[in-house]
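One structure is given here, and the rest of the page talks about it.
The values are calculated or read from the model by the stated rules, or taken from the named source; none is laboratory data. It should be emphasised that the depicted structure is a prediction, and the values quoted were computed from it without experimental measurement. Backbone-built Cβ (ideal geometry, glycine too); neighbour counts: all protein chains shown. Only protein heavy atoms, including side chains, enter the accessible area calculation; ligands, DNA and RNA are left aside. Shrake-Rupley method; radii C 1.70, N 1.55, O 1.52, S 1.80 Å.
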Amino acid sequence: QVQLVESGGGLVQAGGSLRLSCAASRSILSFNVMGWYRQAPGKQRELVAIINSGDSTHYADSVKGRFTISRDNAKNMVYLQMNSLEAEDTGVYYCAASRDSYNYWGQGTQVTVSS
C-alpha cells in the first residue's frame, strides 16, 4: 500500500511551463516503475511518462522533447517537468506506482493550458 499525492498543477498559457511533483508515503524503490498519466475531458487515461528504478525513461510521442520525468529516491518524490505546454496537454495528471502489474494511483492534479 502507498499513498501518492500530486501537486504543482494549475492554469498556464500555451508555451509556458509547469513542474508536477508526486510525494509517496513509502520508498519508491519498492516499485518497479513510477509514472505520470493524464486524462483529458471525455477521453481515456493515457500514459505520459514512466521511469524505472534504473532511471530508464519512456515518453508518449506527444510529449517527447517537451516533458521530463525524474525521481528523487531519497525523498520518495517523482517529478514531471513540462515545457512548451500546449492546449492539448490539458487534463488531470495522475501519479502512479507500479509493482507486480498492479498500479497505485494518486488523486490527480489539474493542468489547464489556455491557448
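Give me the pairs: first residue in region 53-74 and basic (Lys, Arg), second residue open to solvent by 30 Å² or more (accessible area, probe 1.4 Å) and in a loop (DSSP other than H, G, I, E, B), beta-carbon distance under 9 Å, and six or more apart or on different chains, which are they? Close Cβ pairs satisfying both conditions: Arg66/Asn83; Arg66/Ser84; Arg66/Glu86; Arg71/Ser53; Arg71/Asp55. Of all residues in region 25-51, which are within 13 Å of the chain's Cα centre (by Cα) and either open to solvent by less than 20 Å² (accessible area, probe 1.4 Å) or farther than 20 Å from Thr109 by Cβ (or both)? Those that are within 13 Å of the chain's Cα centre (by Cα) and either open to solvent by less than 20 Å² (accessible area, probe 1.4 Å) or farther than 20 Å from Thr109 by Cβ (or both): Met34, Gly35, Trp36, Arg38, Val48, Ala49, Ile51. Residue count for region 90-99 under the criterion of being more than 15 Å from Arg26 (Cβ to Cβ) and either open to solvent by 20 Å² or more (accessible area, probe 1.4 Å) or free of Cβ contacts under 8 Å to residues at least 40 places away in the same chain (or both): the result is 3. Within region 4-17, the set of residues being aliphatic (A, V, I, L, M), out of contact with any Phe, Trp or Tyr (no Cβ under 8 Å at 6 or more places or on another chain) and open to solvent by less than 30 Å² (accessible area, probe 1.4 Å) comprises just one member, Val12.
Of everything in region 52-69 that is among the small types (Gly, Ala, Ser) and closer than 17 Å to Ala87 by Cβ, the residue that is surrounded by the fewest Cβ atoms within 10 Å (Cβ to Cβ) is Ser62. Count of region 102-112 residues, restricted to those that are open to solvent by 60 Å² or more (accessible area, probe 1.4 Å) and part of a loop (DSSP other than H, G, I, E, B), is 1.
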